């Protein structure tokens, strides 16, 4: 077999099989597959920019949970910056089973596929292409992926140095039947939340209690019988079973208030996982103390620079010391009412601090977010702008601090306190005092509220932009469309019974009732073409959207749906939740070529009274003054999600309450004439109930259908239109 250098491998994958996604750092994320025993197995590999083929690096295997996928695990674990800072490669594989994707753990849960053989072959494949340290191969995973990590420690221990399970455990049968046969003393880490009601700390009939798991591994390692317990603050603890052979430990981090999730509480999960792995190789302890956090992980020297956290944290990191809770990514409104944003201001995702939980999220809990190092050597007027959202009755404060050369005291350059209302606010900070300095770092500090309503203090940020100067106005050739300059015409046969009007001196177009309108607009769409507009709606119809056309024939893949009940068109931006929302769509990522019309949609076949308003519409190439838009337009790689038109579909079905205890309802729109069925599966993939659903609410009793505590999957079928819903029974 011919050997290729890692760089050549990546370039070949990109050019030949189009399986490479490009990030701001270059060619580092590789989505590809390997054939194992005739089965095609997918995985995503992250190779840091700091990778040096002459120095063997650690490899982390990163397994998703049951019914999850590569993207879910890759995004929630977000190891990218840790990989850059510590020079390791990580791989996130995809389990088999479709919607029920998981990992075989010897009890039918997660399937019965040869996932052990796949993992062994995957390690070999990565070693063929990259320089991997054989003694430093680690396994981590979430939930079912955490169980599988333990299986690797038991049955593939000749290759696995240490494991870290997040919200997972071990089955009792592994221990009672001696299925687990590790070949060397193995360091293990378990991270579980006190509020995890899926894989409980206390175990169940199938799963071993977490303490029992730790005691098993400590005994296997000839370690301590009882642990040392360290207080981590806010009710969280670290229990360490020391003195294992070769210096290995078994450790359990109990996170107060965290549920069945990767992130949550006051513990930085991914940082803890890496800190643990960094102390051990397959021969045992190599470093008895976790690495000291380096605040400046990477350096940014090209400006303008923008970050909206659409894919992950980018080059920003939660600090692992000196605060109480973490910043988190979110896209659909924070869990608490009357606090936090409902949508992002730029794209779909924002960062926020969750204040819920007396003693965990409040009172006066601090979250610190560190920037990368910023090289202002060539800037004479550096500035920072961002959007803040500080809505809630007990909002405390948001502070921005700066320091230089990664040392010394932090200086406050921005501070805002109190409830600012339910709106995003543009903030601009002059950093010209730091002009010419080669190492500048920023950090955001959010502090939650106090009192009995301290939970109403979620603080969010979005659309961070760092540039030279504060002026960010649009350049010539980037003007807003003036609808008064166009003839507004009906489109195809879709324009049924609606009306339109223009407003704001031609800057806005409003469509009422069931109407599709078009303007003649000749434009050659390139890979850099961006469509930007503001959108608002008085009520939800069936399709609210926009798109370019080449003729009068309806082509669903050309329309970007932002709101509505029908599963139609390109649905990637179907995020509207109220008010006025700005959309920035990289059209060139979806299609290119000449167009002669721009079409606006307010479709509502079954009703009337809804009005959609499109305003401040801009079409530009790559950049339109706002630097964050320019960068996203140049770098965003988006796979189109195309909906299928259907008046009533399974996406309109709801299941509530969730979690539940004794009973729950399945709601189907009353206007549905379709035959609906439901099948309920437990986490072993076993069917526990099957029934027919009528339009309206169907009430089911958990005791009557023998649903014990745990997680279930409801598969609802409306004439082959299927949706699946997770339900937790307490």
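Summary of computed values
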read-out: Residue in the range 206-225 that is surrounded by 18 or more Cβ atoms within 10 Å (Cβ to Cβ) and within 24 Å of the chain's Cα centre (by Cα) present; value: no
read-out: Qualifying residue in the range 560-575 (condition: under 25 Å from residue 485 (Cβ atoms) and either in the same structural domain as residue 424 (by TED's automatic domain parsing) or not in a strand (DSSP E or B) (or both)); value: no
read-out: Hits in the range 392-425 (condition: touching a residue at least 12 places away in the same chain (Cβ under 8 Å) and out of contact with any strand residue (DSSP E or B) (no Cβ under 6 Å at 6 or more places or on another chain)); value: 392, 393, 394, 395, 405, 406, 418, 419, 421, 422, 423
read-out: Any hit, the range 170-179, residues being part of a loop (DSSP other than H, G, I, E, B) and crowded, with 22+ Cβ neighbours inside 10 Å; value: yes
read-out: Which listed residue is part of a strand (DSSP E or B), in contact with a helix residue (DSSP H, G or I) (Cβ under 6 Å, 6 or more places away or on another chain) and at pLDDT 85 or above, from 531, 511, 521; value: 531
read-out: Out of 420, 426, 387, 456, sole residue that is surrounded by 15 or more Cβ atoms within 10 Å (Cβ to Cβ) and in a strand (DSSP E or B); value: 387
read-out: Top-ranked residue in the range 86-117 [being assigned to a helix (DSSP H, G or I) and surrounded by fewer than 22 Cβ atoms within 10 Å (Cβ to Cβ); ranked as farthest from the chain's Cα centre (by Cα)]; value: 117
read-out: Cβ pairs under 6 Å, 6+ apart, first in the range 130-155 and free of Cβ contacts under 8 Å to residues at least 24 places away in the same chain, second assigned to a helix (DSSP H, G or I) and surrounded by 20 or more Cβ atoms within 10 Å (Cβ to Cβ); value: none
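For every residue, the table says whether it meets (1) touching a residue at least 60 places away in the same chain (Cβ under 8 Å); (2) in contact with a helix residue (DSSP H, G or I) (Cβ under 9 Å, 6 or more places away or on another chain).
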position: 193; (1), (2): yes, no
position: 197; (1), (2): yes, no
position: 201; (1), (2): no, yes
position: 208; (1), (2): no, yes
position: 212; (1), (2): no, yes
position: 242; (1), (2): no, yes
position: 251; (1), (2): yes, yes
position: 266; (1), (2): yes, no
position: 274; (1), (2): yes, yes
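The values are calculated or read from the model by the stated rules, or taken from the named source; none is laboratory data. Note that the coordinates shown come from a computational prediction; the quantities given were computed from them, not determined experimentally. Virtual Cβ from ideal backbone geometry, glycine too; neighbours counted across all protein chains shown.
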